[in-house]
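Down below is the structure, laid out as structure tokens.
None of the figures in this text is laboratory data; all of them are computed from the coordinates on show. This structure is a prediction, so every number in the text was calculated from the model and none was measured. Because the Cβ atoms are built from the backbone with ideal geometry, glycine has one as well, and the counts that use them run over all protein chains shown.
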Amino acid sequence: MGLDKIENKSGWLVGGGVLASIVASICCIGPLVLTVLGISGAAALSKFETLRIPMIVFVLISFGIAGFSLYQKRNSCEQGSICADPSKFRRMVAFYWIGLVIAILGISSPQWVVFLFS
């Protein structure tokens, strides 16, 4: 696997993990948001509950591989690559952790939405 592929993989995995966490939480947050906005028929989004577990597994795998490749490639950086530049590497790490926090909020939404709106 070339260095370019390693450098680009973690960004795609973080993006996929965030997208999967949004899909995993749409069954719980979606109806609430649509009801607050006054849109009827929001209960139809509860059918996405069947996708919740597979999407959570996808999120965990995506962020696990992204984190491993992000921190592992730091040890195998070549001069001139993205990870060799400390400011770019810090930015990549920041995006990884921000994406992970968003994913955790999405996955845990059934628990905190209850406390927020009860």
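How long is the gain from LYS88 to VAL114 if the chain were fully straight, where each residue apart is worth 0.36 nm and the alpha carbon distance is subtracted?
Length gained between LYS88 and VAL114: 5.5 nm.
Mind giving me the FRET efficiency for THR50 and TRP97? R0 is 41 Å, r the Cβ-Cβ distance, nearest 0.05 is fine. E(calc), rounded to 0.05, equals 0.85.
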